[in-house]
Amino acid sequence: MFEFGRELRRLFGHARAQLPGKDGLTGGDGALLELLDLKMLKNEARGADVAAGRIGTRDRPRRLLEAAVVWRELARRTGNAEALRKAAANAERAAETFAGAHRQHGWARARLEQACCALLGAELFGDSGLEAAAEKAAVEAQRAGGAAGMMALAALAQIQARRALGAGGAAEARAAARLFNDPIAMLEGAGRRDAHLKLAGAQARLVRCELLIGAGLRLKDEDLIRAGLGDLTAAEERLDGAYEPLTLSRIAIAKAAGKASLGEMNGDLAKLARSVSALASALDALGRDQSPLDWACGQIALGRALAQLGEATENETAFAKSLSCYDRAALVLRDAPGLVVRAEGANGRGLALTRLAELTGDVKVLDRAEAAFKTELAAGPHRTDPVTWAMLQVQLGQVYVTRLGLTHRDRGERAAAAMAFQAAMDVFGEEGLRSLTAIAADGLERLAAVKVS
């Protein structure tokens, strides 16, 4: 799907011929960003800034808006906070300039872009305040109608669905999923004539799938997971690998991960093994250089699926391969502090490591892990990245709990584990990260269940 050469020359050569005076490869068409690798995307972002800041540029607010779209996509693929700040700043300037010129539809599109930037920040960094800002901007954009109104309605559905799913059951999950019905229908209908809206419809289905599968895993409800997989199939059928390769890769990864969870839930080892193979193939097709954050999230999904396979078969090799996946993801994520997915990957790695130690009965594995975690904690990440520090505390606590379970002797591990989990809970609570607070609380429950002689 990512064979660019001939397609890029044909597409972008045609675009430049038809759109004289346009800067960059995409000529301001956000739908074409799918075809750019990371290096090309960075160049596009810098070029868009130059075009927007050039003296005497035509339609400056539109150029600012185009620059915001490119910088946001760069932030989505890398988790880079500075890129997201540039996107938000350009969108804000575009909204102000459109408003000053009394251009209502342009202002609505810029407000929508502000909402998208805030939503991405909330997703990447777990900041609930950004979600509130996104809702305010999306409500204003939705009132204007048109294409911006459709996309704003999808953004509002995402915000409201996440709130409804916080602690609800299966009925609440299905009600939350229905919030997407109208915006998806509108986007897909308009998407027959507009590639940008077609992509927006596919992305809305991806978001709904994530919510449904997450709820299905939490509630152990296979029907919710199948509903999420159905969304992915519907989105996949409407896309073309020649023009939307990145979104299709994200769909392939999400579909394989969802099937792996379904296979684990109903005890279908063959389905679980096929899903692991499908995940590996999807990651090979995507490649790290195309979208590092998507690739890292895919590695975490593969690590989780391998751990599920290892748990089902009590296979040490599967857990060892799972650790390798988490390590590959960590190499990408180490340069993006504060990401929620970084903490989730660290937690998955800690669980895989402790299960490998339990299966092998090798306490030395835990000793090495303890030393490594203490070394990282001594480096002082709590001063610059408290969430990562708290996740290290969770992993250290997991090591102590596993050692207690293996040796059945308490040499101070119980108190140390309790302190580590409690410290992590305090940080996660201060940061408003409910899902990570639950991980630390689960660690305390595991600790309480361990019996020692």
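Before we move on, is Gly28 of a type in the set (Gly, Ala, Ser), touching a residue at least 24 places away in the same chain (Cβ under 8 Å) and over 23 Å from Pro292 (Cβ atoms)? The answer is yes for Gly28. Take the conditions within 22 Å of Val341 (Cα to Cα) and touching a Lys or Arg at 6+ places or on another chain (Cβ under 8 Å) and apply them to Gln395. Does it pass? Taking the combined requirement at face value, the residue satisfies it. Residues in the stretch 104-130 that are open to solvent by less than 40 Å² (accessible area, probe 1.4 Å) and closer than 21 Å to Asn80 by Cβ: Glu113, Ala115, Cys116, Cys117, Ala118, Leu119, Leu120, Gly121, Ala122, Leu124, Gly126.
Look at (1) of a type in the set (Gly, Ala, Ser); (2) closer than 17 Å to Ala152 by Cβ; (3) open to solvent by 40 Å² or more (accessible area, probe 1.4 Å) and you find that Gly100 fails only one, number (2). The condition of being over 21 Å from Ala296 (Cα atoms) and either open to solvent by 30 Å² or more (accessible area, probe 1.4 Å) or among the hydroxyl-bearing types (Ser, Thr, Tyr) (or both) holds for only one of Arg355, Arg342, that being Arg355. Among the residues of the stretch 214-234, just one is open to solvent by less than 50 Å² (accessible area, probe 1.4 Å) and either free of Cβ contacts under 8 Å to residues at least 12 places away in the same chain or on the phi > 0 side of the Ramachandran plot (or both), namely Gly230. Counting only helices (runs of 4 or more DSSP H) that sit completely within the stretch 138-213, those holding 2 or more residues that are of a type in the set (S, T, N, Q), closer than 30 Å to Phe98 by Cα and open to solvent by 20 Å² or more (accessible area, probe 1.4 Å) correspond to 146-164.
Tell me which residues, restricted to the stretch 333-360, are modelled with pLDDT of 85 or more and more than 25 Å from Gly432 (Cβ to Cβ). Listed by number, the residues that qualify are Ala352, Leu353, Arg355, Leu356, Ala357, Leu359, Thr360. The single condition among (1) touching a Ser or Thr at 6+ places or on another chain (Cβ under 9 Å); (2) surrounded by fewer than 21 Cβ atoms within 10 Å (Cβ to Cβ); (3) more than 23 Å from Leu366 (Cα to Cα) that Glu430 does not satisfy is (1). Just one of the numbered conditions (1) open to solvent by 50 Å² or more (accessible area, probe 1.4 Å); (2) at pLDDT below 95; (3) under 22 Å from the mean Cα position of the chain (by Cα) is not true of Asp49: (3).
Filtering the stretch 93-135 to residues that are among the hydroxyl-bearing types (Ser, Thr, Tyr) and closer than 23 Å to Arg63 by Cβ leaves only Thr97.
Here's the yes/no breakdown for (1) touching a residue at least 40 places away in the same chain (Cβ under 8 Å); (2) surrounded by fewer than 19 Cβ atoms within 10 Å (Cβ to Cβ); (3) farther than 20 Å from Ala352 by Cβ:
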position	(1), (2), (3)
Leu272	yes, no, no
Leu283	no, no, no
Leu286	yes, no, yes
Leu309	yes, no, no
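When each of Glu264, Glu237, Glu244 is tested for being exposed (fewer than 15 other Cβ atoms within 10 Å of the Cβ) and among the acidic types (Asp, Glu), the lone residue that passes is Glu237. Cβ-Cβ contacts under 6 Å between residues 6 or more apart (or on different chains), taken from a first residue in the stretch 41-56 that is assigned to a helix (DSSP H, G or I) to a second residue that is crowded, with 22+ Cβ neighbours inside 10 Å and of a type in the set (Val, Ile, Thr), are listed as Glu44/Val70; Ala45/Val70; Ala48/Val70.
Need the failing condition index for Leu239 against (1) under 18 Å from Cys209 (Cβ atoms); (2) outside any helix (DSSP H, G or I); (3) under 20 Å from the mean Cα position of the chain (by Cα), just the number. Condition (3) is where Leu239 drops out.
The values are calculated or read from the model by the stated rules, or taken from the named source; none is laboratory data. Note that the structure is a prediction, hence the values are computed from the model and not measured. With ideal geometry, Cβ positions are generated from the backbone for all residues, glycine too; neighbour counts draw on all protein chains shown. SASA here: full protein model, heavy atoms, side chains in, ligands and nucleic acids out. Shrake-Rupley method; radii C 1.70, N 1.55, O 1.52, S 1.80 Å.
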